[in-house]
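Peer 1: Okay, handing you the structure first.
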Amino acid sequence: MSQDVESIYEQYMSNLKQALPNVDPNFAHRVMYMERKLADELVSEPHIEATIEYSPGVDMDKKLLFIRERHQLEAEYADKHNILHVVGRIKIDKIKGIAADHDVVKIKGKADPSWNP
């Protein structure tokens with residue numbers, strides 16, 4: 001890969017890490033890419049499957065309820081006590097809102113244009 005193109009990419013990823021420090025930059029990039037790709041579609045929100053890791057000791061029942069009711073996403077407990085699995089349609093602004101919770105350690109996942117059960 002060309003050195004100048006690679007440095008542009010590295011700067012972009014660094015900027016994503018600064019803007020959303022507790023969100024995996026590859027996940028954030030994929031969500032934004034899908035948003036733009038789906039902009040003219042009937043359903044413009046990318047489908048995501050993600051994990052949200054919280055600080056140890058938080059009330060996970062409250063966090064689960066918050067994700068389900070406030071953000072209208074499907075969520076369930078993971079095997080580890082401080083992690084939730086989240087599925088649904090979401091844009092980067094909503095991810096940013098979830099990540100603003102001071103109890104969130106890391107959000108990572110994948111984004112696709114659609115979901116076929």
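Peer 1: Among the residues of the range 25-69, write down those that are acidic (Asp, Glu) and closer than 15 Å to residue 84 by Cβ.
Peer 2: 49, 53, 59, 61, 69
Peer 1: Is there a residue being touching a strand residue (DSSP E or B) at 6+ places or on another chain (Cβ under 7 Å), among the basic types (Lys, Arg) and either exposed (fewer than 14 other Cβ atoms within 10 Å of the Cβ) or not in a loop (DSSP other than H, G, I, E, B) (or both) anywhere in the range 37-54?
Peer 2: No, because not a single residue in the range 37-54 is touching a strand residue (DSSP E or B) at 6+ places or on another chain (Cβ under 7 Å), among the basic types (Lys, Arg) and either exposed (fewer than 14 other Cβ atoms within 10 Å of the Cβ) or not in a loop (DSSP other than H, G, I, E, B) (or both).
Peer 1: Out of the residues in the range 58-75 meeting the condition of being of a type outside the set (D, E, K, R) and part of a loop (DSSP other than H, G, I, E, B), tell me which one is surrounded by the fewest Cβ atoms within 10 Å (Cβ to Cβ).
Peer 2: By that ranking, first place goes to 72.
Peer 1: For the range 1-36, what are the residues that are more than 26 Å from residue 101 (Cα to Cα), among the aliphatic types (A, V, I, L, M) and outside any loop (DSSP other than H, G, I, E, B)?
Peer 2: 5, 8
Peer 1: Checking the condition surrounded by fewer than 11 Cβ atoms within 10 Å (Cβ to Cβ) and small (Gly, Ala, Ser), which residue from 19, 111, 100 passes?
Peer 2: Just a single option satisfies the conditions, and that option is 100.
Peer 1: Which of the residues spanning the range 77-100 are more than 14 Å from residue 47 (Cβ to Cβ) and part of a loop (DSSP other than H, G, I, E, B)?
Peer 2: 78, 79, 80, 81, 82, 100
Peer 1: Residue pairs, Cβ under 6 Å, 6 or more apart or interchain, first in the range 7-29 and touching a residue at least 12 places away in the same chain (Cβ under 8 Å) and of a type outside the set (S, T, N, Q), second surrounded by 13 or more Cβ atoms within 10 Å (Cβ to Cβ) and outside any helix (DSSP H, G or I). List them.
Peer 2: Pairs found: 23/107; 24/108; 27/108; 27/109; 28/20.
Just so you know, all these numbers are worked out from the coordinates, no wet-lab data involved. Everything numeric in this text was worked out from a predicted model, so none of it was measured. Here the Cβ is made from the backbone with ideal geometry for all residues, glycine too, and neighbour counts use every protein chain on show.
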